[in-house]
Amino acid sequence: MRKIKYSLHCFLLAVFIFTAQLLAAQTSFTISGSVTDAGNGEELIGTSVTVKGSAGIGTVANGYGFYSLTLPKGNYVIVYHYLGFSDIEKDIKLESNQQINVKLQQAQRELKQVEISAHKNDNLKKAEMGVSRLDMKELERIPVFFGERDILKSIQLLPGVKSAGEGNSGFNVRGGGTDQNLILLDEAPVYNASHLLGFFSTFNSDAVKDVTLYKGNSPAEFGGRLSSTLDIKMKEGNDKKYVISAGIGIVSSRLSIEGPIVKEKGSFIITGRRTYADAFLPLIPARNGNTSFKNSTLYFYDINAKANYRIGKKDRVFLSGYFGRDKFGIKNQTSFSIDYGNLTGTLRWNHIFSSKLFSNTSFIVNDFDYTVEINSLFADLKIRSVIFDYNFKQDFSYYSNAKNAFKFGLLSTFHTIQPGNVVSNDTARANRLSLTKKYGWENGIYVQHEWTPNNKLQVSTGLRLSTFSSTGPSTFYTYNKEGVATDSTYMKLGKIGKTHVNWEPRFTLSYNFLPDHSIKFAYARNTQNVHQLSNSLIGSPTDQWILSSNNVKPEIADQVSLGYYLNFWKNRFEFSIEGYYKHLWNQIDYKNGAVLRANELVESQLIYGTGRAYGAEFFLKKKTGKFTGWISYTFSRTERTFKEINDGKYYPAKQDRTHDLSVVLLYQVLPRLSLSATFVFYTGNAVTFPSGKYFVNGTIQNVYTERNGYRMPNYHRLDFGLNYDLKTRKTFEHSIAFSIYNLYARKNAYTIQFQPNKDDPRQSEIIMTYLFRIVPSLTYNLKFTVPSSKKKVTDVQ
Amino acid sequence: MYSRLFLMAIVALITGACQEKINIKLKNAGPYVVIEGNLSDNIAEPARVFVTESADYTDTVFFHPLHDAIVTISDGLLTDTLKEFNAMGIYLSPNIHAVVGKSYKLSVFVKGQLYESVSAVNPPVAIDSIYKTTSNSNKNRLSFNFRDPLGVTNYYKVGIQVNGLERGVNIVADDRLTDGKLKTVVVNPGFEFQANDSINLSLLSVDQGVYTYFYTLNQNTGRNSGAPANPVSNITNGALGYFNAYSVTTKKFIYP
C-alpha cells in the first residue's frame, strides 16, 4: 500500500511539472475541429494538419478525427492531408479561436497515381517506432484464404510479425508469445481473436475502419501486454446514405447495413458473417466405416454493431458491440462439442472541453467463454470457463501549442476468471469439480508528452503506472519448493490481496536530420498481468488464462530499438531498418507432465524464467503508381531460459525464426482489374525431436534430449489474387475476388511425428503432415447505395 | 488429451490434411540406461527387472540389453537379488512379492552407476464388468467398469493379455474427478480385437510415481503436443523407465 502512495506522489509531481509548462504559453489561438470523409462521414484518423511553408509545424487528427493546432496570431494556409484523398488547403486569418470541420474528398483513381507531394513524409518525422497501419483499401486487394479478407493474416506480412502457423490468425511480435498481444476492438480487449481454430480471425474486415499495430513501443495510454498493441477501430457507418453491402463466398458470407440515424448527426452500422463449412460435411465420404461427419456441426458467426450520435457541437456518444460464436460438434457413440466466443460492448462519450482539451470516457465490458461437452460411455459432463472484464477508461488530450501536446488518463479493469469447472450430468460417474473463481483489479495511470522543439526533432515521453491486485472472494495458496501447497488463505469479498506495482517508462525520439532521412530511438517497458497457459501446438480456445497472484509475478519486458528511415524517389518509396533488443522477465512455462486442466492448484505446475529477443527488420514499400507493394525481411533470434529446462541454458523459443520474408505485389492492370501476389518464406519453428528410442512396457518410446533442439522444414508459399470490378452504376457496385492460396502446392509441414512402422515396429518412421495443397476461392461482393434525396449524389468509393 | 485429438480431427477435416514419409537427420545422443521394474502381489509372477540401453532412432533394434547388472529389491528388512534370466537383459527372482501397504526399494548397479527407486503397494480394486464397445470409426474396443473406493486417492494401470500374449498398453487412470464412482475405462490399444480372442484383463493399483510416469509418457503421444519430453521417472540418476510395486486383480473375457 505504501508503495502505491509513493507512486501516486511521483505521478502527481509529474503532472504538476507539465501543467507549469502549459501556463508559459504566449498569446496565440487555436484551430480545432474534425476531419471526415465527405463521402460517408467516417472520421479520417491520422489526417495530418500542417501549416504550409512552416515545415514541422502541425498535428495529427486523433482516433476520433479530432485535431487541435495552436499558433501565434497571423495568417496561415492550413493543409489537410490523408492518403488516398485530395488535399484541402484553407486560408486562415487567425485572430480568435476557430472551429473548422473539414470534409476530404476521396481522390479519383487516376489522380491517385500521380499525386506526389512534399509533405508526405510524416513517417520520418513522427516520434513513433515499430508502428504499422494497415491500409484497408490495400487489404481488399491482397490474396485471401478461403475467400475471407483477414486483418490478422495481413499484419503477418509486416516486418517483425510472424504467423503462429499455417493458415493461423495467431501472431508473434518480435519474439513475444501469442498471448502477449493486446488486441483491442473499439477499446475492448479480445482474449481469443480466432475463429475455427485460428483459420479465420474474429474480425470481419467489412466492419473495420482502422488497424494500427504497435510493436512494443505503444503510447503510454496502452498497457497490459508485453509485445504489441493491435488497435482496431470499427467503422461508424455512413451518416449520409443507406448502404447495403454483401459478400458471398464458398465457405462464408457477409452482410452489412449502414446509414444515418439522423443525417450528418448520427449513424449506425451492423455487419454479420457466417460460415457454412458444415454444409459440406455430409459430402465427405465415409472412411473406414466412419460416418461421424454426417452428424457434425462446424460453423461460426459474428455480428458487429455500432451507433454514434452527435449531441451538439461538443459531445458525441458511441455504442459498439461485437458478438461471435464458434460451434463444433460430433454426435456418435461418443459425442463431443465445443462452443466458444467473445462478446464485447463499448459505450463512449467524446467531449470537447475546449478547443485544446479533448476527452474520451469509455465503459467497456468484454467476455470470452467456452463450454465443452462430452457424452460417452465413461462420462457425461460439461466443462465451462469464463473470462469477464469490466473496464473504465478516461483519456484526455491536451494540445498545448504547436510544439507541445499531452495525453493523460487512466484505465481501471476488474477481471473475473472462472477456470474450467466440471459439471457432471451423471453424478454416478463423475463428481462436480468447482474451481475457485479468480478476481483481479488492474489499474493504469499514464501521462504522455509530445514535444516538437523544431522541424527536425520530435520527442515523445510517456510514463505509465500499472498496478495489479488480487481480490477476494477467493482462495490463495502458498507452495513450497517442490510445488506442494503448504498453506491456503481465504480472502473475503472486497479484500485486496497481493498487489504488484510497476512503472512503465516509454520514450521515443525522432531526428529528421536530412529532408528525406531520419533516425529514431525508442525505449519502452511493458508489463502483463493476465497470462495464458498453452500446451498445444496450435492455440486452442480452451487454453487457460490465469492472473498474477501471490505466486505468479507480472511479466515484464524492456525493449530498446533504433531505426533508420528513408523516403526516396519523390516519396514514392519508403525504406526503413529497425533493430530491436527485448528482454523479458517472469516468463511462464509449465513443468514436464503438468496437469493444467481442472486443477485448483494450477499455479504449482508452473515454472518461471527469462527471455531475450533481438533482430533487424527491413522494409521497402512502393506507395504510389500502378504497381505498389512491399518487401519485408526480418532477421531475428528469440530465446528463453528456465532453470528446469535444458539445464538452465538459453534455448530457442518455439516462435524463433531466423529468417522471415514477405513480398506483397499489387498491380492495377486496368482501372477495373487488379492483380496481386504474396510470397512468404520463413525458417521452420524450433521443435523438439527425438534423439533415440527405447523399449518400455511393451511399447517403443522416443528419447528426448533437449527442448527445441531441431527445426521444422522451411516454410514458403506463393498466393495469387485477382479483383475485377463488374459494371458499376451510381447506386450499385459489384466485384469478384478470386484467390489461389499456395499456388505452387508447396507441402509445408504442419506436424512431424516419429513413430514405429505399423507393420514392422523395428523400423521407425518420420511422418510429416501438411494441411493444404492449392486452395482456390471465389467471392462475389456487392454494394447497394440507397439514392440520396439530394440532387447531387456523391460518389461512394 | 481427448480434446486435442478432437481438434486435430477437426483440422484434418477442414483442410483435408495429408501425410507423407520424410527423412530428417537426427542427432544421435546416448545411449541412455533404461530400467523397467515390476513387482506384483500375485505370487505366480516373479519379480522382474528389465535393464537395457536406448538405441539410435534409425536402428532396426529398439533397445540393447545390459548384462552383469547387480539388481536388488528390498522391503526394508530383507533384500533379494535378481538373477539375469537370459541374454535380453531380463533379471528375475521368484522369492519376493509385493505386500499391500509396504514400500519396496529397487537398486540397479550397472556400467559403474547406481540407480534407485521406491514404490509403494496400494490395496487392489476388483474389476466389475467387461464388455465390447466400438469406437466412432467402428473399431473393436473393450471397456470395463470398476468401483473406485471412496475417500482415498487411487491410481490405476491397465494390463492386457490377448490369447496368452502380454500386449503393451500404457493406459493409466486416477480418481481426481471420480472418487467413489463407478468408473469406466475404454481400452484403446494399437491393435484391434478379434472375435473369440481370449482376453485376460488386469487392473493394477499403482502409486503416484508410476501414474505420473505413464501420464507424462502419454502426453508425448498426442500429435499436438507443444514440446515433448521424457516422462517423469521415479528412478534416480537420470535413468529412463519406472519401478512399479503393485497389487492386481484380473478378469477373463472372451471377445464376442
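The values are calculated or read from the model by the stated rules, or taken from the named source; none is laboratory data. Keep in mind that what you see is a predicted model, and the values were worked out from it rather than measured. When we count neighbours, we look across all protein chains shown, and the Cβ atoms used for this are built from the backbone with ideal geometry, even at glycine.
Key figures
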{"read-out": "Number of positions in the range B:106-131 that are closer than 18 Å to residue B:89 by Cα and in a strand (DSSP E or B)", "value": "9"}
{"read-out": "Residue in the range B:141-164 that is more than 10 Å from every other protein chain (Cβ to nearest Cβ), aliphatic (A, V, I, L, M) and surrounded by fewer than 14 Cβ atoms within 10 Å (Cβ to Cβ) present", "value": "yes"}
{"read-out": "From the options B:191, B:214, residue that is assigned to a helix (DSSP H, G or I) and either at positive phi or of a type outside the set (Ser, Thr, Tyr) (or both)", "value": "B:214"}
{"read-out": "Residue selected from the range B:109-126 under the condition more than 15 Å from residue B:75 (Cα to Cα) and surrounded by 19 or more Cβ atoms within 10 Å (Cβ to Cβ), by the criterion farthest from the other protein chains (Cβ to nearest Cβ)", "value": "B:125"}
{"read-out": "Positions within the range B:132-156 being over 11 Å from residue B:201 (Cα atoms), part of a strand (DSSP E or B) and either within 18 Å of the chain's Cα centre (by Cα) or not aromatic (Phe, Trp, Tyr) (or both), in sequence order", "value": "B:132, B:133, B:134, B:140, B:141, B:145, B:147, B:155, B:156"}
{"read-out": "Options A:738, A:689; residue that is assigned by TED's automatic domain parsing to the domain that holds residue A:247, touching a residue at least 60 places away in the same chain (Cβ under 8 Å) and touching a Pro at 6+ places or on another chain (Cβ under 9 Å)", "value": "A:689"}
{"read-out": "Pair list, Cβ under 6 Å, 6 or more apart: the range B:62-73 residue under 16 Å from residue A:695 (Cβ atoms), other residue in a loop (DSSP other than H, G, I, E, B)", "value": "B:65/B:88; B:65/B:89; B:66/B:89"}
{"read-out": "Unique match (being modelled with pLDDT of 90 or more and more than 23 Å from residue B:47 (Cα to Cα)) among B:235, B:254", "value": "B:254"}
{"read-out": "Boolean, residue A:412 is closer than 30 Å to residue A:361 by Cβ, within 32 Å of the chain's Cα centre (by Cα), buried (at least 19 other Cβ atoms within 10 Å of the Cβ) and not hydrophobic (A, V, I, L, M, F, W, C)", "value": "no"}
{"read-out": "Test for residue B:30: is it farther than 24 Å from residue B:157 by Cα, of a type outside the set (A, V, I, L, M), over 21 Å from the mean Cα position of the chain (by Cα) and within 14 Å of another protein chain (Cβ to nearest Cβ)", "value": "yes"}
{"read-out": "Top-ranked residue of the range B:27-63 - restricted to ones that are among the polar types (S, T, N, Q) and at pLDDT below 90, ranked as nearest to residue B:209 (Cα to Cα)", "value": "B:28"}
{"read-out": "Positions within the range A:123-162 being of a type in the set (Gly, Ala, Ser) and farther than 20 Å from residue A:231 by Cβ, in sequence order", "value": "A:147"}
{"read-out": "Filtered residues of the range B:169-184 (kept if assigned to a loop (DSSP other than H, G, I, E, B) and more than 7 Å from chain A (Cβ to nearest Cβ))", "value": "B:169, B:171, B:175, B:176, B:180"}
{"read-out": "Matching residues in the range A:383-392 - criterion: being buried (at least 18 other Cβ atoms within 10 Å of the Cβ) and either among the aliphatic types (A, V, I, L, M) or at pLDDT below 90 (or both)", "value": "A:383, A:387"}
{"read-out": "Single condition residue B:198 does not satisfy, out of (1) farther than 30 Å from residue A:654 by Cα; (2) within 11 Å of chain A (Cβ to nearest Cβ); (3) of a type in the set (Gly, Ala, Ser); (4) out of contact with any helix residue (DSSP H, G or I) (no Cβ under 9 Å at 6 or more places or on another chain)", "value": "(2)"}
{"read-out": "Any hit, the range B:64-76, residues being within 22 Å of residue B:43 (Cα to Cα), loosely packed, with under 13 Cβ neighbours inside 10 Å and at pLDDT below 95", "value": "yes"}
{"read-out": "Meets criteria (assigned to a loop (DSSP other than H, G, I, E, B) and among the acidic types (Asp, Glu)) for residue B:166", "value": "no"}
{"read-out": "Lone qualifier among A:692, A:684 - being under 21 Å from residue A:635 (Cβ atoms) and not basic (Lys, Arg)", "value": "A:684"}
{"read-out": "Lone unmet requirement of (1) part of a loop (DSSP other than H, G, I, E, B); (2) closer than 21 Å to residue A:137 by Cβ; (3) not aliphatic (A, V, I, L, M) for residue A:264", "value": "(2)"}
